[in-house]
1. Can you find, within the range 41-56, the residue that is nearest to L28 (Cα to Cα) among those that are surrounded by fewer than 15 Cβ atoms within 10 Å (Cβ to Cβ) and small (G, A, S)?
2. Being under 14 Å from Y77 (Cβ atoms) and either without any contact (Cβ under 8 Å) to a residue 24 or more places away in the chain or surrounded by fewer than 22 Cβ atoms within 10 Å (Cβ to Cβ) (or both) is true for just one of L133, L165, L98, L138. Which residue is that?
3. Report yes if some residue within the range 57-77 is out of contact with any helix residue (DSSP H, G or I) (no Cβ under 8 Å at 6 or more places or on another chain) and either at pLDDT below 90 or buried (at least 20 other Cβ atoms within 10 Å of the Cβ) (or both); otherwise report no.
4. Please enumerate the residues belonging to the range 32-57 that are in contact with a Ser or Thr (Cβ under 9 Å, 6 or more places away or on another chain), in a loop (DSSP other than H, G, I, E, B) and of a type outside the set (V, I, T).
5. Somewhere in the range 146-155, is a residue in contact (Cβ under 8 Å) with a residue 24 or more places away in the chain, surrounded by fewer than 16 Cβ atoms within 10 Å (Cβ to Cβ) and not hydrophobic (A, V, I, L, M, F, W, C)?
6. Among (1) within 13 Å of the chain's Cα centre (by Cα); (2) farther than 30 Å from L170 by Cβ, there is one condition G74 misses while meeting the rest; what is its number?
7. Hey, could you check the range 21-37 for residues that are hydrophobic (A, V, I, L, M, F, W, C) and surrounded by 16 or more Cβ atoms within 10 Å (Cβ to Cβ) and say which is farthest from G112 (Cα to Cα)?
8. If the requirement is being closer than 23 Å to G164 by Cβ and among the aliphatic types (A, V, I, L, M), which of these qualifies: V25, V109?
Amino acid sequence: MKKTNLIPATLLIISSVSYVALELVSILSSKSSIRGYFHTISELSTPLGEKYRGIESNFSPLSQVFNSILIINGIVYFIGISYYIIKIIMPKLIPICLIMSTLTGIGTVLVGFFHSSTYPAFMHYVSTSIVFLFGNILPIVMSFSDKRNTVIFRIIGISGLIAGLFCLILPKQIIGIFERFTIYPIIAHEIVCGIYLIKDSKISEMKSINV
């Protein structure tokens, strides 16, 4: 019986849902209310009075709380996704998948510590790029190396990468919307991995009962 699966599975699901919920609360508490989704995640993480793109930010009163959930989510991502990779992914691709899960987890933690106005500024943008890139490539690689050949991982990763490309060409006034479509696939990937780990526990339990 794989009861140990339940711990990382639960952490992945709770952490992911908490991120989405706290992002919504942070946006609703901002001056823009629901229109805050047009603002970038970087702006949401910038404390009041700090400069975002050279302009003093008065957008996100809950920025510190939001940054905290980023740090927590990064740690949980690293633990939970790495556990999934070790348990489920085909052995020959475990190393490359672990490298990408580690980079995504560390990148997320660094985004929480280094918002856009911290010094050096490039740390924030390098960290976000690492998360966007490896967080969306990983599900694609896992879709071919997962013992289930999970098509949903492929859909998640490709949609995130396409949204990232749109972020490079669209006006900054609406980048925030598409930026989130690069992050939400990563969140969805966490949730799906958590669900699969729970299912794996139940299948193992059924087999142990039938033996």
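The values are calculated or read from the model by the stated rules, or taken from the named source; none is laboratory data. All values reported here derive from a predicted model rather than from experimental measurement. Reconstructed Cβ throughout: ideal geometry from the backbone, glycine too, with neighbour counts over all protein chains shown.
1. G49
2. Numbers: L133 fails: under 14 Å from Y77 (Cβ atoms); L165 fails: under 14 Å from Y77 (Cβ atoms); L138 fails: either without any contact (Cβ under 8 Å) to a residue 24 or more places away in the chain or surrounded by fewer than 22 Cβ atoms within 10 Å (Cβ to Cβ) (or both).
Answer to the check: L98.
3. There is at least one residue in the range 57-77 that is out of contact with any helix residue (DSSP H, G or I) (no Cβ under 8 Å at 6 or more places or on another chain) and either at pLDDT below 90 or buried (at least 20 other Cβ atoms within 10 Å of the Cβ) (or both).
4. Passing the criteria: H39, S45, P47, L48, G49, E50, R53, S57.
5. Yes - at least one qualifying residue is present in the range 146-155.
6. Every listed condition holds for G74 apart from (2).
7. The qualifying residue farthest from G112 (Cα to Cα) is I27.
8. Numbers: V25 fails: closer than 23 Å to G164 by Cβ.
Residue meeting the stated conditions: V109.
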